[in-house]
Amino acid sequence: MSKFERLFEPFQLKGKTLINRVVWLPHLTGYSHEGRISDKHVRYYAERARNDVGMIILGCETVNPKYRNGARVDAFDPRSVEGYRRLADAVHEHGTVLVGQLVDDGSQNICTATLDWSYEYAPSPVADWVLGLVPKAMEPEDFDFSREAWVASVRNHVDGGYDGSELKVAHDGLLRQFLSPLYNQREDDYGGDREGRERFVREVLEAMRAEAGPDHILGIRFPFDECIPGGFGLEEGLELLGDIASWGIVDYVTSDLGVHSALRFCNPPMSTPAGFARYAVRAASQAVDLPVIAYGRIRTPEMAEEILERGEADLVGVARALITDPQWARKARRGDSSRIRRCIGCNQGCLDRIWLGQEITCILNPAAGREARFGEGTLVPAEQPRRVLVIGGGPAGMKTAEVAARRGHEVTVVERSNRLGGAVNILSRAPTRRDFLDSVRWLENELAALDVEVRLGREIAAADVVLRDDGGFEVDLTDHGGERRQFDELVVATGAVAVLPEVAGVGAASVVGVREALEGTEEIGAEVVIVDGVGTFAAVSAAQMLADTGRRVTLVGEALETAANLGPPDRQIQLTTLFEHGVEAIPGYSLRLIDLPAVAFAHVLDGDPLELRADTVVLATGWAADESLFVGRDGLDGNVHRVGDCVAPRDVGMALFTAEELARSI
Amino acid sequence: MSKPEADRRESSMEGYEQLLSPYRLAGLELRNRVVWLPHLTRYATDDGLPSEQHVRYYEERARNGVALIITGCETAHPAVQWGGRINAFDTAAVSGYREMTAAVHEHGSFMFGQLTDDGNQQNGVGGLEWNHVRAPSPVPDHMVGVVPKPLTKAEIDDIVRYFGISTQIHAEGGFDGVEIKCAHDGLHRQFLSPHFNRRADEYGGSADNRLRILRETVEEMRRRVGEEMVIGVRLSLDEAIEGGFDEEEGIEYARIIGTWGTVDYLNADRGTTGNANVMNPTMAVPQGYSVEIGARAKRASELPLIAFGRIKTPAMAERILVEGKADLVGMARQLITDPEWVTKLSRGAVEEIKPCIACNQGCVDRLWSGLPITCILNPSAGRERRWGAGSLVPPSAPRRVLVIGAGPAGLKVAEVAARRGHSVTVVDRAERPGGKVRLIRKTSARSEFGESTDWLERQLDRLGVEVRCGIALGAADVTARGEEFAVDLDGAALSFDGIVVATGARPVPAKLEAGEAISIPEAMEDPSALAAAVVVWDVEVGQASATAAEFLAGTGRQVTIATPADRPAIGLGVSTTPPQLERLAAAGVKIVPYHDVVRLEAEGALLKHAHTGAERRLEGVGSVVAALGWRADEDLYHALRKFGGAVARAGDCVAPRDVGMAIYSAEALGREI
């Protein structure tokens, strides 16, 4: 019997049977092709439907023709129906219920992405973002326009064979803006008290129900708390939800919290605790008599089961967990939940890319969005099993070993340190980055399950590798010639090394690399200056960690923005948390000289000098491929490969992607 | 025809003989010397193929007499992923190419393609088929910042091969020539650069070695298409970055290329992504700033040369040719702004040419953001199907239209409506037309922006539209009388069939805990009331606040920008941000990030940290200029709308946006009324 009894109990939703309680939450993928459902969409959703997901909600389809952009599906356009049908067939084939989420963006988008420009409209001329556009306050014709667009969109969903439609009244969307006392400052019938602010939501819902008929599921995604000053709080949020439920039009609610200016709630990073939103979900379940879908960094089926068991929600929604592991539910059902590849909440493959207008994937699951190439059924067993030696036990090396072993190769991984995981072991020492460790622990478990031989504490040098006449290699796996072994393929995955700036004083004893600082291998003084030349997580997470241990930390960045290379949601979140941790951030200065305790900088624009005092200087000034083992072997023969940061220093996502690619080609 | 206009017509044909004279380029008989320079449009389909938008965009310039059109930035290698670009290596592009070239040829123009591999100037993860970025050496591009992997010899050969394949596809697509991008972006330039190319093999070191990949590429292209096609090189003649190649080396490269005998022409270029101002010069850069360097390249290479670099007036174009500094004159943005440049010149109407102001807002900045380009002054750019030549339809009945507000939106509505045959009157409460452009142009580095409204004013003058300034019209001055509006215009009673409100935007008022803050318009209209040391409280972090700070620094004041954000000018685009920040720094403007201004006291301004709340004093500051954003000035619109009847609005009084949106909305409205 499954240990997840509740999770795999069927559920009735408006006459439709959900095979279990797992809901894939709506999220934008960017997979549209010219505004339509693409083959990529179909494969992406079918892969999860096939693996025991009860209900799938496709996210963020465009209701309003004025907000067209290439990344989303044009729900308003009848030409989208054909694609809907293909998608619905592919999902229904596996018994999964399919709902599409609709959004009219209001102030939370730009209407100039195509060349068909228009003014963004919203209840009132209040910008959503700190730096956002002030919308035009809606006029009577805009109300008509929006209402008609919602109706046309739900018609297309019905015609396309969707089981339901979800209205985005959520962290984004015009309809939430109407409910919000901050964004809705109207003095007419559509503003003021709750009834006034709810009026347009009700009109839209009524019109959609009339169009869609009584059998079509209509849900809403709803933030119980806007989590911003002046917005509605939890108490009012639940009252609004209660009112909406009382109209008898809506069939379920998908939980949500926050708005764009409070992204830590709606795009929670790994520093946000798993299940952080349960308090609000529970409150909503108690407040209304509607099926409630839980959300909020629910990473494990164990937590999902607990939520159901305690009656906190009727259904459990996950978005990223199913991007990372399409078999999340299947593995749970089969009692293999320990084999689930957990989402770490890094946002690098999914949310960051969406904010940049790119198609999403998952840095831990290269098959996400690439199902045609890497999805289920695409892994071909090796024609002839070969002996593969992987040098380097970081993400790239481990991933190569994993995929190669799955294909039937006989794989050995040699790692110079005494632990698998490479740079991830170090970078995840910062408390805000701790979950990153799960990525390499999962790989480690898989390697064990696949019987990959792992040799720790052995550094292979070029001289240890002897090329044989038959194209194979002989490698000494010990450091004393004690174990000469034969291999057919050699994979170099030696990672990257730190690059130091060419500045006087960098060689001093109290100047340390950011990795050493995170590892705690070097002594760090009470006053720390961190020099950030790259603008990634390394410097900001080290700054937070050192500040938390009572040190006075100044983070000096060479870019004019602190943490410049983080994705937009993480940058917003990290900037806030940096200051909460008491770090002083000084952007726009480049390092000139270290003469401890003095550290001298010059402003990148006008050269203005800045002198700081430090006991320890931490350098995060860039990386270079560690190609020492590889150089000279390139082109030697086809059996020497390299992968990951030793090709060029990139992120874990690139390391895993290239590893997946390589291991399939060996 | 008015007298001055008749004079202009007579004089203008002469004086441009060289510009309008034919030129023989490697066997092609160009009808004049005007070349539309290559530029990325991002009009390609999601599949990376030519679109109908491409066809119409190019056709419109061909119809208007441009001799040679070069497409711009087509991807030559599958490892490069950029949305909105044409995949030149894909045979599926051929049919779209044929439509493009047929449309251009029909009007007597020639068309070349431009091939590029971006090397380190892309991140390799734009789509989902990720690639390690590869380049001559592991040196990151200044803008992209990704450390590339060094190319192997086999990979270099593969790239060369793909340039050949792409050239072949262009031949099949009906192109007359192909150009290799060895320019401000492009792998081939990275090989020329001592900063980016640190190789020790036959592709690095000496000038000949660094040029090797370019030479091999040209040879491979020739091998594929023989002498059938013109082959050119767009060559950056000066990288203009620390450690890069300078002008002397650039000219030497040009000389060597000239000796190969395989290249038919050089298309001059300058800079890289490490120097936005040289690569995509804004209006702060002098017109014709690269003519001399091009002339040197022409002499050194003895190849036909296309001049480039903020060339916009026929007078300058003609002078370049007369002085023998180039054989052809290239323009990119000027022909985006006015497709009829050659037509107007040919019919003697030089004054009617709509000048490009090099604001980069509609073109360069959009393409860097991954968006399809247009022109803020020419809404038909990229929208030729909707608004291109021949699309302006006369109204069913001419009407009398009152436009209230003579900013960009008001002037543009008036222009379009008058062109269609309406009888239009424009009023403005200010003493001069121009709206917010009057403020923008006060900053010397942005003064060319004024040409936008100057051009509109000239058009209105020509179209007989009356513009009356100094009249503050209120709702009380208007009475609805049936379908008509009776308006008291400075004592005279006039009747109109419709009213367009274009009253612009007002600054969001600022309230300090102590002391007064003044707004950007107040500060720029009359800076004399400001103290010698000023803090600009920049919450807007857009163009207006940066311009105001720059203007005030130009009046000799010590200016500090305090902003709750990381820095000012966040709302600007990729090409306009670095020059703006550099100009602010050069003017002595200091930046205090993460702070708001809360009080103005006798000793200075009190700032408060936007995150921690910690206070800090700016000693000696005597004035606070607040830039908290803008609000639509929409009261008059709503008041008039109560009358019913034909009342509409355009521009910032709908919602505060840039001049581009104002002009776009005005074009749409002007065609609708």
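Quick one: in region B:374-388, which of the residues that are touching an Asp or Glu at 6+ places or on another chain (Cβ under 6 Å) and not acidic (Asp, Glu) is farthest from the other protein chains (Cβ to nearest Cβ)?
Per the stated criteria, the residue is B:Gly388.
Considering every residue within region B:401-408, establish whether at least one is under 22 Å from the mean Cα position of the chain (by Cα) and outside any loop (DSSP other than H, G, I, E, B).
yes
If a residue has to be assigned to a helix (DSSP H, G or I) and within 12 Å of chain B (Cβ to nearest Cβ) to count, how many in region A:329-364 make the cut?
Within region A:329-364, residues that are assigned to a helix (DSSP H, G or I) and within 12 Å of chain B (Cβ to nearest Cβ) number 2.
What strands (runs of 3 or more DSSP E) completely inside region A:18-125 contain at least 1 residues that are more than 20 Å from the chain's Cα centre (by Cα)?
Filter on region A:18-125 gives A:55-62, A:97-103.
Among what's in region B:591-609 and is among the hydrophobic types (A, V, I, L, M, F, W, C) and within 11 Å of another protein chain (Cβ to nearest Cβ), pick the residue that is surrounded by the fewest Cβ atoms within 10 Å (Cβ to Cβ).
It comes out as B:Val592.
I'm told A:Val259 meets every condition in (1) touching a His at 6+ places or on another chain (Cβ under 6 Å); (2) surrounded by fewer than 23 Cβ atoms within 10 Å (Cβ to Cβ) except one. Can you identify the failing condition by its number?
(2)
Given region A:514-592, what strands (runs of 3 or more DSSP E) lie entirely inside it while holding 3 or more residues that are crowded, with 22+ Cβ neighbours inside 10 Å and away from chain B (no Cβ under 13 Å)?
Fully inside region A:514-592 and qualifying: A:527-532.
Restricting the search to region A:572-596, which residues are modelled with pLDDT of 95 or more and among the charged types (D, E, K, R)?
Once the filter is applied, which keeps residues that are modelled with pLDDT of 95 or more and among the charged types (D, E, K, R), region A:572-596 yields A:Glu584, A:Arg592, A:Asp595.
Does region B:105-140 hold any residues that are of a type in the set (D, E, K, R), within 13 Å of chain A (Cβ to nearest Cβ) and either assigned to a loop (DSSP other than H, G, I, E, B) or within 21 Å of B:Asn267 (Cα to Cα) (or both), and which are they?
B:Glu129
Please tell me if B:Ile156 is surrounded by fewer than 24 Cβ atoms within 10 Å (Cβ to Cβ), of a type in the set (Val, Ile, Thr) and either farther than 23 Å from B:Tyr97 by Cα or within 25 Å of the chain's Cα centre (by Cα) (or both).
Here the answer is yes, as B:Ile156 does meet what is asked.
Just checking, how many residues over region A:305-322 are out of contact with any helix residue (DSSP H, G or I) (no Cβ under 9 Å at 6 or more places or on another chain), in a helix (DSSP H, G or I) and under 24 Å from A:Leu58 (Cα atoms)?
Residues flagged as out of contact with any helix residue (DSSP H, G or I) (no Cβ under 9 Å at 6 or more places or on another chain), in a helix (DSSP H, G or I) and under 24 Å from A:Leu58 (Cα atoms) within region A:305-322 amount to 1.
As an exercise: evaluate A:Val647 against (1) among the β-branched types (Val, Ile, Thr); (2) without any contact (Cβ under 8 Å) to a residue 24 or more places away in the chain; (3) more than 10 Å from chain B (Cβ to nearest Cβ) and give the number of the one condition it does not meet.
(3)
Checking B:Val426 against (1) part of a loop (DSSP other than H, G, I, E, B); (2) among the β-branched types (Val, Ile, Thr); (3) over 17 Å from the mean Cα position of the chain (by Cα); (4) within 30 Å of B:Glu522 (Cβ to Cβ): exactly one of these is not met. Which one?
So B:Val426 meets the others, but not (1).
Hey, does region A:76-86 have a residue that's within 14 Å of chain B (Cβ to nearest Cβ), on the phi < 0 side of the Ramachandran plot and touching a Phe, Trp or Tyr at 6+ places or on another chain (Cβ under 7 Å)?
no
Please work out if B:Ala276 is hydrophobic (A, V, I, L, M, F, W, C) and either free of Cβ contacts under 8 Å to residues at least 40 places away in the same chain or buried (at least 20 other Cβ atoms within 10 Å of the Cβ) (or both).
Criteria met by B:Ala276.
Here's a check for you: in region A:90-124, which residue that is within 14 Å of chain B (Cβ to nearest Cβ) and hydrophobic (A, V, I, L, M, F, W, C) is surrounded by the fewest Cβ atoms within 10 Å (Cβ to Cβ)?
A:Ile110
Wholly within region B:444-507, which strands (runs of 3 or more DSSP E) include no fewer than the required count, namely at least 2 residues that are within 29 Å of B:Ala627 (Cβ to Cβ)?
B:498-501, B:505-507
Can you tell me how many residues within region B:227-265 are modelled with pLDDT of 95 or more and either part of a helix (DSSP H, G or I) or more than 25 Å from B:Gln122 (Cβ to Cβ) (or both)?
22
Yes/no matrix, rows are residues, columns are (1) of a type in the set (A, V, I, L, M); (2) more than 18 Å from A:Ile217 (Cα to Cα); (3) touching a residue at least 40 places away in the same chain (Cβ under 8 Å):
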{"residue": "A:Leu13", "(1), (2), (3)": "yes, no, yes"}
{"residue": "A:Arg21", "(1), (2), (3)": "no, no, yes"}
{"residue": "A:Leu25", "(1), (2), (3)": "yes, no, yes"}
{"residue": "A:Arg36", "(1), (2), (3)": "no, yes, yes"}
{"residue": "A:Gly59", "(1), (2), (3)": "no, no, yes"}
{"residue": "A:Ala71", "(1), (2), (3)": "yes, yes, yes"}
{"residue": "A:Ala75", "(1), (2), (3)": "yes, no, yes"}
{"residue": "A:Ser80", "(1), (2), (3)": "no, yes, yes"}
{"residue": "A:Val91", "(1), (2), (3)": "yes, no, yes"}
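Every residue in region A:593-607 that is surrounded by fewer than 19 Cβ atoms within 10 Å (Cβ to Cβ), of a type in the set (A, V, I, L, M), more than 12 Å from every other protein chain (Cβ to nearest Cβ) and touching a residue at least 40 places away in the same chain (Cβ under 8 Å), please.
Hits for region A:593-607 are A:Leu593, A:Leu596.
What number of residues within region B:241-286 are more than 19 Å from B:Glu179 (Cα to Cα) and among the hydroxyl-bearing types (Ser, Thr, Tyr)?
Number satisfying all stated conditions: 2.
Which residue is farthest from the other protein chains (Cβ to nearest Cβ), if the candidates are limited to region A:126-148 and must be under 20 Å from A:Arg186 (Cβ atoms) and assigned to a helix (DSSP H, G or I)?
Filtering region A:126-148 for residues that are under 20 Å from A:Arg186 (Cβ atoms) and assigned to a helix (DSSP H, G or I), the one farthest from the other protein chains (Cβ to nearest Cβ) comes out as A:Arg147.
Conditions (1) buried (at least 24 other Cβ atoms within 10 Å of the Cβ); (2) assigned to a strand (DSSP E or B); (3) touching a Leu at 6+ places or on another chain (Cβ under 6 Å); (4) not polar (S, T, N, Q), marked per residue:
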residue	(1), (2), (3), (4)
B:Ala200	no, no, no, yes
B:Gly204	no, no, no, yes
B:Asn209	no, no, no, no
B:Leu214	yes, no, no, yes
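Of the residues that sit in region B:567-590 and are more than 8 Å from chain A (Cβ to nearest Cβ) and in a helix (DSSP H, G or I), which one is nearest to B:Leu371 (Cα to Cα)?
B:Thr577
Where residues in region A:339-372 are surrounded by fewer than 24 Cβ atoms within 10 Å (Cβ to Cβ), among the small types (Gly, Ala, Ser) and out of contact with any Pro (no Cβ under 8 Å at 6 or more places or on another chain), which of them is modelled with the lowest pLDDT?
By that ranking, first place goes to A:Gly357.
Could you tell me which numbered condition B:Ala546 fails, if it satisfies all but one of (1) surrounded by 20 or more Cβ atoms within 10 Å (Cβ to Cβ); (2) more than 14 Å from every other protein chain (Cβ to nearest Cβ); (3) touching a helix residue (DSSP H, G or I) at 6+ places or on another chain (Cβ under 9 Å)?
B:Ala546 satisfies all of (1) surrounded by 20 or more Cβ atoms within 10 Å (Cβ to Cβ); (2) more than 14 Å from every other protein chain (Cβ to nearest Cβ); (3) touching a helix residue (DSSP H, G or I) at 6+ places or on another chain (Cβ under 9 Å) except (2).
Is it the case, given these coordinates, that B:Ala472 is surrounded by fewer than 16 Cβ atoms within 10 Å (Cβ to Cβ) and among the small types (Gly, Ala, Ser)?
So B:Ala472 fits the description; yes.
The values are calculated or read from the model by the stated rules, or taken from the named source; none is laboratory data. In this text, all values refer to a predicted model and were calculated from it rather than measured experimentally. Here the Cβ is made from the backbone with ideal geometry for all residues, glycine too, and neighbour counts use every protein chain on show.
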